[in-house]
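Single-structure report; data block below.
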Amino acid sequence: MTVSDLNTSEYHNYYETYISKVPKHLNLNAGYKLGAEQLIAFFNGIPKDKLEYRYAPGKWTIKEVLQHIIDTERVFAYRCFRFARHDDTPLAGFEQDDYILPSQANSKSIEALLEEYHVVRQNTMVLLNSFSRTDLEHVGSANASSMSARAAAFIILGHEIHHMTVIEALYLGS
């Protein structure tokens with residue numbers, strides 16, 4: 001299953017920002033493995049003195065961005081799980097900014113954050129492998145919009161690509 005299999009009716013147009021970043025030919029399972037390898041290498045390559053840098057007042061640090069990626073994967077994997085299990089109960093949205101301060105990301109080492117990411121990613125991969133194509137195509141509702149289980153899964157991949165691009169441009173000056 002690739003992103004090309006998605007119909008735009010399977011997600012709100014807001015998420016096109018993320019879905020469009022996933023290579024069209026990339027298989028979902030391969031994408032999760034490759035994405036994890038790339039993300040871990042990316043964050044391991046950031047100088048330690050930049051990890052708590054904010055490019056502007058009120059913006060997140062690089063560690064906080066990584067924590068946000070982890071938390072977002074948890075939220076969207078849960079959405080994927082619920083929809084793939086054919087649960088049609090509407091799910092609430094989440095306010096990403098409310099998660100950052102209690103996460104205490106800046107008090108964690110980069111190694112601890114990457115371990116957390118790795119464990120979350122492994123969990124998501126095992127979960128995705130347990131679903132049939134029919135399960136992944138099931139559409140539920142999150143944040144008052146339709147979303148399929150597979151759209152939630154692809155959003156996770158595009159979301160992390162998006163944030164690595166932002167870090168390169170605004171935090172590292174690449």
Identity of the residue in region 121-170, hydroxyl-bearing (Ser, Thr, Tyr) and in a helix (DSSP H, G or I), that ends up surrounded by the most Cβ atoms within 10 Å (Cβ to Cβ)
Thr124
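Can you say whether Ala84 is over 20 Å from Glu116 (Cα atoms), loosely packed, with under 12 Cβ neighbours inside 10 Å and either in contact (Cβ under 8 Å) with a residue 24 or more places away in the chain or not β-branched (Val, Ile, Thr) (or both), as far as the supplied structure shows?
Working: over 20 Å from Glu116 (Cα atoms): yes; loosely packed, with under 12 Cβ neighbours inside 10 Å: no; either in contact (Cβ under 8 Å) with a residue 24 or more places away in the chain or not β-branched (Val, Ile, Thr) (or both): yes.
So Ala84 does not fit the description; no.
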Taking region 1-32 and the residues there that are among the charged types (D, E, K, R) and in contact (Cβ under 8 Å) with a residue 40 or more places away in the chain, the one that is surrounded by the fewest Cβ atoms within 10 Å (Cβ to Cβ) would be Asp5
Given the structure, is Glu73 of a type outside the set (Lys, Arg), out of contact with any Cys (no Cβ under 8 Å at 6 or more places or on another chain) and either farther than 26 Å from Glu10 by Cα or without any contact (Cβ under 8 Å) to a residue 60 or more places away in the chain (or both)?
no
Considering residues that are farther than 17 Å from Val65 by Cα and β-branched (Val, Ile, Thr), the number found within region 18-52 is 2
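Of all the helices (runs of 4 or more DSSP H) wholly in region 23-120, which have at least 2 residues that are modelled with pLDDT under 95, in contact with a Leu (Cβ under 7 Å, 6 or more places away or on another chain) and more than 16 Å from Ile156 (Cβ to Cβ)? Talk me through it step by step, then tell me what you get.
Details: elements: 28-44, 62-84, 96-103.
Here the list is empty.
The values are calculated or read from the model by the stated rules, or taken from the named source; none is laboratory data. Because the structure is a prediction, the values reported are computed rather than measured. With ideal geometry, Cβ positions are generated from the backbone for all residues, glycine too; neighbour counts draw on all protein chains shown.
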